[in-house]
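Just below is one structure, and these are the notes that go with it.
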Amino acid sequence: MAQGTLVTTARRRRTWSATRWRDTRDGYLFILPWLLGFVIWTAGPMIASIAIAFTDWRIVTVPHFVGLANFAALFQDPRIRVSLFNTTFYVVFGVPTHLIFALAAALLLNQRRRGIAIYRTLFYLPYITPLVASSLLWLWIFNTNFGLANWLLSLFRLPAIYWLEDPRVVKISFIIMSWWTIGGQMVILLAGLQSIPEHLYDAASIDGANRWQRFWHVTFPLLTPSLFFNLTLALIGAFQVFVQAYVITGGGPEDASLFYVLYLYRVAFQNFDMGYASAIAWLLFVVVLIVTLTQFRFANRWVFYEAELKR
């Protein structure tokens, strides 16, 4: 009897192992297209760029190993400093304002009113508009002579602003352009708002909390996971700003809109210095990695998860 039980148990284990192996095999087969794409188009080029960063390679020439020369050149290149400053300015002032407007839009559209879905769609549409098309639109809006921005200023008898020609203003113009795409962050924040239990607001109202107190003590803490997610993606995206500057100003005037990735593009695909361009790319990777890890390091000081609050 005991022997029969052992045989049955052994068969069940073999059956379970065979089933598990088939499930694992099928799972890998399903993700194989993505896995191949990741290895060929993402991981492969990243690994290759590490090797290229230690060479002097002009595409049409044979690569020559130069050691750390490309990385040493980073600290002597004045345009690296300029592009880092421009990008940092864009990140420091663009990301917070972008999130503030996205949060304001989410709060405004978090209502149960007839036709509200239409307004949510209208706010979201610019986010999925191709960047080249939206860049051309803003090129017309910020035109000094007949642009919409200066026309609005003229209605209030204010002087025209050289939005894209003044080195002191051009970075601010790009930050204003970024507000055009708040729809992506707005949708995530809107989902976070709608996941907050209504009874928490009812309890706060019974305790005498006004609208601001309900927002600060109920809405904001439970919305911090969504804000943290948006902040992480916004920071990574802002460090890689490229299309707008490439289409509208080309880095001018006086390199005032020469963002880091735009300079990387120039070195790689205009100067064809692939070794130095790879070193520039890895410097950006290190900067973004440090900023992201720092953000995660201090996240527990202001990000609150509902599961943790229930403990």
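Quick notes
- Selection count, the stretch 155-171, where residues are in contact with a Phe, Trp or Tyr (Cβ under 8 Å, 6 or more places away or on another chain) and either among the β-branched types (V, I, T) or under 15 Å from L131 (Cα atoms) (or both): 2
- Scanning the stretch 280-303 for residues that are surrounded by fewer than 12 Cβ atoms within 10 Å (Cβ to Cβ) and polar (S, T, N, Q) gives T294, N300.
- Residues that are under 18 Å from the mean Cα position of the chain (by Cα) and free of Cβ contacts under 8 Å to residues at least 24 places away in the same chain within the stretch 136-186 comprise just one, I176.
- Sole residue being more than 22 Å from the chain's Cα centre (by Cα), surrounded by 13 or more Cβ atoms within 10 Å (Cβ to Cβ) and touching a residue at least 24 places away in the same chain (Cβ under 8 Å), chosen from A73, A69: A73
- Spans of helices (runs of 4 or more DSSP H) in the stretch 32-117 with at least 2 residues β-branched (V, I, T): 44-52, 78-109
- Looking only at the stretch 79-100, and only at residues there that are without any contact (Cβ under 8 Å) to a residue 40 or more places away in the chain and under 14 Å from A256 (Cβ atoms), the one that is surrounded by the fewest Cβ atoms within 10 Å (Cβ to Cβ): R81
- Looking only at the stretch 103-131, and only at residues there that are surrounded by fewer than 13 Cβ atoms within 10 Å (Cβ to Cβ) and either over 30 Å from I196 (Cα atoms) or of a type in the set (K, R) (or both), the one that is modelled with the highest pLDDT: P130
- Taken together, the residues in the stretch 220-257 that are farther than 22 Å from I141 by Cβ and either of a type outside the set (D, E) or in contact with a Ser or Thr (Cβ under 6 Å, 6 or more places away or on another chain) (or both) amount to 19.
- Hey, P221 modelled with pLDDT under 95, surrounded by 15 or more Cβ atoms within 10 Å (Cβ to Cβ) and either among the small types (G, A, S) or in a loop (DSSP other than H, G, I, E, B) (or both) or not: no
The values are calculated or read from the model by the stated rules, or taken from the named source; none is laboratory data. Quick caveat, the model's predicted, so the values are computed rather than measured. Virtual Cβ from ideal backbone geometry, glycine too; neighbours counted across all protein chains shown.
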